[in-house]
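Sharing a structure here in structure tokens format.
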Ligand SMILES: Cc1ncc(COP(=O)(O)O)c(C=O)c1O
């Protein structure tokens, strides 16, 4: 009789050298991966669920009308470039358009060898890992931080160390203690604005302190500005890259401000670092898609980007405020939460609740969120969860938080 397990496995043919299962053949770095992100992306088009799960932009702000015209023109007049392979550093005119944009948004224009086009934000994380990290090198991250970056750096066998975050962002004093204590850090990964997952922003004084500290210890700062342009009011604080371009690689993405289907972003940093990232790109996907590059170039040059940001900021601000109102209405006594001034996320602390276990109960009432545990690189923490308000309408936000409060009350230990 065959066991149930054996019955699920492919049976090798006579004389075959194939193993009965591939799982023991996986690389160590793959064997440890738990697929949280895959689970989040699987919900990208889910219906019937109030989905506070992924950091998805809302399709209502996708600039479809303008892009229909741009794309038609590109296919008609520009197919030789737009439908062709592109240079690994990115199409020169696209780089110039992004550089002009950075001159406006950050007050600093990268030189021609200080900027490259990437295939989105996570691509930049992978390129930094590929070009900067040997096994065992230390990467410091905020606790909590974007789980895609944790997985990305860990994939290069980096040793991940966490630094706590408070209402002013990363606690730079705690980082100074680690560095002054002799910890050799290769890369510091930080999300200064409307952080994923906490929604917090690094204060101006800490920005200055952080770049000074990293200059002193020769630590490369990988600054992730995924949500920088999506503040609810006013303009953002100076980027770390604008304060210290000699120690910072800025990693940007157009996923949240343009559309993620295009898989497009940039890396701006010291020329020798950018040169290494370009070589790393040759050895991965070789180049970002040319069609997307020409689309964002035309979009920027046509001055559509600012109008797009105005629409997006207004939408996410209304939803961020609806989330705050719903939390204040339904959750008092059950937990505490952050108050983001931009971006997509609220971060909830539910003392005495295991938010990983609770997610099944939440799905039972058709609510999805991301349990907090995956956002911690070093610390074990099961009492937080991330709520993304970016793709949920205001009435649904209230309904979803009310359901969540019911589940949280029942889950309390
Ligand atoms: C902070 C942060 N960085 C990077 C990314 C990934 O960006 P992309 O989808 O362009 O790879 C995300 C997406 O959620 C993010 O939240």
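If I take every Cα pair under 8 Å that is 6 or more residues apart in the range 64-303, average their sequence separation and divide by the length, what percent do I get for the relative contact order?
Numbers: 424 pairs, mean separation 69.0, N = 240.
Over the range 64-303, the number comes to 29 percent.
Now a separate question. State the percent of C-alpha pairs, over all pairs in the range 300-366, separated by a distance greater than 15 angstrom.
66
Quick one: 330, 24, fewest Cβ neighbours within 10 Å first, how do they rank?
Values: 330 19, 24 8.
Starting with the residue having the fewest Cβ neighbours, the order is 24, 330.
Could I ask something else about it? Provide the gained length on full extension for the span residue 109 to residue 72, in nm with one decimal, where the gain is 0.36 nm per separating residue minus the Cα-Cα distance. Provide the component values of the computation, followed by the final result.
Working: separation 37, 0.36 × 37 = 13.32 nm, distance 3.06 nm.
Fully extending the segment from residue 109 to residue 72 adds 10.3 nm.
If you build the convex hull over the alpha carbons only and average its shadow over all orientations, what do you get for the range 184-250? Give it in nm² to one decimal.
On the way: hull surface 17.8 nm².
Directional mean of the projected Cα hull area for the range 184-250 stands at 4.4 nm².
A further question on this structure: Provide the packing ranking of 148-155, 363-370, i.e. peptides ordered by the mean count of other C-beta atoms within 10 Å per residue, highest first.
Per-residue Cβ counts within 10 Å, averaged per peptide and sorted highest first, yield 148-155, 363-370.
Something else about it: Rounded to whole Å and sorted largest first, list the principal axis extents of the Cα atoms in the range 137-248.
Dimensions of the range 137-248 along the principal axes of its Cα atoms: 39, 28, 24 Å.
Helix-derived [θ] at 222 nm for the chain: sum -39500 (n - 2.57) over DSSP H runs of at least 4, divide by residue count, nearest 500? It would help to have the intermediate numbers written out before the result.
On the way: 16 runs with 174 residues, N = 413.
So the helix-based figure for the chain works out to -12500 deg cm²/dmol.
Further question on the same structure: Let's test the formula: R0 of 41 Å, r as the Cβ-Cβ distance of residue 349 and residue 60. What FRET efficiency results, to the nearest 0.05? Each step should come with its number before you reach the end.
On the way: r = 31 Å, r/R0 = 0.75.
E(calc), rounded to 0.05, equals 0.85.
Sticking with this one: Starting from the Cα of residue 328, step 7 Å along the direction of its Cβ; do the same at residue 301; then give the gap between the two resulting points in nm.
In this crude label model, residue 328 to residue 301 measures out at 4.7 nm.
With the Cα gyration tensor of the range 64-303 in hand, give its eigenvalues times 5 under a square root as the equivalent ellipsoid semi-axes, listed largest first in whole angstrom.
The answer is 31, 19, 15 Å, longest axis first.
Specify whether the C-alpha gyration tensor of the chain places it in the rounded, prolate or oblate class, a ≥ b ≥ c being the square roots of the eigenvalues: rounded for a/c under 1.5, otherwise prolate if a/b is larger than b/c and oblate if not.
Numbers: a/c = 1.24, a/b = 1.12, b/c = 1.11.
Rounded is the answer for the chain, as its axis ratio a/c remains below 1.5.
At a Förster distance of 45 Å, what's the computed FRET efficiency of residue 233 paired with residue 30, Cβ-Cβ distance as r, to 0.05? The partial results should precede the final answer.
Details: r = 43 Å, r/R0 = 0.96.
Plugging the Cβ-Cβ distance into 1/(1 + (r/R0)^6) gives 0.55.
Compute the separation of the alpha-carbon centres of the range 90-118 and the range 262-329 and state it in Å as a whole number.
13
Run the numbers on the chain and let me know its relative contact order in percent, using alpha-carbon pairs under 8 Å that are six or more apart. Please report the intermediate quantities before stating the final value.
Numbers: 757 pairs, mean separation 91.3, N = 413.
Relative contact order for the chain comes out at 22 percent.
State the extension gain, in nm to one decimal, for the chain segment bounded by residue 215 and residue 45, taking 0.36 nm per residue of separation less the distance between their alpha-carbons. Present the calculation step by step, with values, prior to reporting the outcome.
Working: separation 170, 0.36 × 170 = 61.20 nm, distance 4.39 nm.
Length gained between residue 215 and residue 45: 56.8 nm.
Further question: So in the range 64-303, what percent of DSSP beta bridges are antiparallel if you round to the nearest 5? Present the calculation step by step, with values, prior to reporting the outcome.
Details: 10 of 27 bridges.
Antiparallel: roughly 35 percent of the beta bridges in the range 64-303.
From the Cα gyration tensor of the range 192-339, with a ≥ b ≥ c the square roots of its eigenvalues, which class applies: rounded if a/c is under 1.5, or else prolate if a/b is larger than b/c, or else oblate? If you can, show how the numbers build up before the last one.
Details: a/c = 2.11, a/b = 1.28, b/c = 1.65.
Oblate, since a/c reaches 1.5 and b/c is not below a/b.
State, to one decimal in nm, how far the label point of residue 173 lies from the label point of residue 283, with both points 7 Å from Cα in the Cβ direction.
With each label placed 7 Å out from Cα toward Cβ, I get 4.2 nm.
Further question: Sort the following peptides by mean Cβ neighbour count (other Cβ atoms within 10 Å, averaged over residues), highest first: 276-286, 387-397, 339-349.
339-349, 387-397, 276-286
So the label point goes 7 Å from the Cα of residue 379 along Cα→C-beta, right? Which residues of the range 134-163 then have their backbone N under 13 Å from it?
The answer is 141-145, 162-163.
Rule-based calculations on the coordinates, nothing more; no lab input. As the structure is a computational prediction, the values presented were derived from the model and not from experiment. Every residue, glycine among them, receives a Cβ derived from its backbone with ideal geometry; neighbour counts consider all protein chains shown.
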